[in-house]
Structures are given as C-alpha cells and as structure tokens.
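Right, one structure below, let's go through it.
The values are calculated or read from the model by the stated rules, or taken from the named source; none is laboratory data. Fair warning: this is a prediction, and the values are worked out from it, not measured in the lab. With ideal geometry, Cβ positions are generated from the backbone for all residues, glycine too; neighbour counts draw on all protein chains shown. Note: accessible area is taken over every heavy atom of the protein model, side chains too, but ligands, DNA and RNA are not part of it. Shrake-Rupley method; radii C 1.70, N 1.55, O 1.52, S 1.80 Å.
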Amino acid sequence: MLRSMTSEPEQQFGVGAPDAFQRLWTPHRMAYIQGENKPTGPGADDGCPFCSIPAKSDEDGLIVARGELVYAVLNLYPYNGGHLMVVPFRHVADYTELDEAETAELAAFTKRAMRALRTASGAHGFNIGMNQGSTAGAGIAAHLHQHLVPRWGGDTNFMPVVGHTKVLPQLLADTRKMLADVWPTV
C-alpha cells in the first residue's frame, strides 16, 4: 500500500519487478471477473440479483427509485460514476417479452434517470443500451436491464486505457442518495 501521496515514485515491494510505478489496486473487480452473485440458471429462483434486489431497502439494494413495474438501481460495477440500470420487476430476459405498460414505464424511467443524472452531476451525454443475451455481452442475460452511463467531455483519461482501471470519485451509497434526492416524479 502507498504510505503517502507524493509526486515522487515510491518503491513498492511485492508487486513484481521494480519499475517505480505506483499501483491502484481494485480488488472489488475480482468479484465481477469471477462471476460472484451471478445466477446459477435462467430462472427467477436461480439467484437472480435483479429479482432479489427489490426485497432489500433502497439503501442496501442501491435502488434510486421504484415504479410500479420497473426500478432504477446503481450498477455495482460501474463504467462511470452514476452508472445505473432500469430493470423490470418481472423476470423476463428479452425486450420483446415486456408488455406495453412495462415498456412505457421503462422508457419513462429512462427519461427520469437522464434528468436526475443531469441535475445531480451535470452529465453532458449518455450511453444507453441493453445487451440482449450472453452472446451480446449481457452479464446477467436472464433478466432484462437497460444501462444508463452518464458521460462528460474528457471523462476518458489514461487510467482505463493504460491501467485498465476506472477511477470513481464517489461511493455508491453516496451516489444513490444524491440521485434519489433529485429523482423527478414525472
């Protein structure tokens, strides 16, 4: 561990060949890499986190807002600060399985999420999308979820490119509260 924050390179023992680089360790990412908390099968009772999150308190589940048919929740492994997902309560895998009311509320929550993120963080833009199926990159393919990733001009720096690390300036609990406090009702 670093003992102090200095501009001078510091020798770190136990990190391999000495190279004067400082290291930013992100051990929490190993849980994602190893598939921790991933469902054991496609059913709602197979450990689906999107089915179990609504039973938790908003704070414990990182839920920003709840609707009648969908909810907004922070991503445990965010690409950017404020990265959240809009998730139907009902366990469905494919966008075409949503009924009209679920589709409408998912769209409305997406708009509200954009407004909340702009208000809370001044987001300049968004990446919004769904990965349908594991082949398309869905980490949890059995339960539909739409990602909203806020973006700012110049938010990509050397860290993800060189260090394969994303620096997030705020704890998820603090981000959840900040967004919940400004979540639009309409």
message = Within 13 Å, Cβ to Cβ, of Gly133, how many net charges do the neighbouring residues add up to if Lys/Arg are +1 and Asp/Glu are -1?
response = -2
ask   = Using a 1.4 angstrom probe and counting only protein chains, how large is the accessible area of Tyr77 in Å², to 10?
value = 40 Å²
task = Could you tell me whether region 40-82 comes out rounded, prolate or oblate from its Cα gyration tensor? Rule is a ≥ b ≥ c as square roots of the eigenvalues, rounded for a/c under 1.5, then prolate if a/b exceeds b/c, otherwise oblate.
result = oblate
inquiry  = Considering all alpha-carbon pairs of region 92-141, what whole percent are spaced by more than 13 angstrom?
reply    = 67 percent
request  = Go through region 122-127 residue by residue and turn each phi into a ³J(HN,Hα) via Karplus (6.51, -1.76, 1.60, θ = phi - 60°); whole Hz please, and just put x for glycine and proline.
outcome  = x, 3, 8, x, 8, 9
query = In the full protein assembly as shown, how much of Arg176 is accessible to a 1.4 Å probe, in Å² to the nearest 10?
reply = 20 Å²
For region 96-104, Karplus couplings with θ = phi - 60° (6.51, -1.76, 1.60), whole Hz, Gly/Pro x = 5, 7, 5, 7, 4, 5, 5, 4, 5
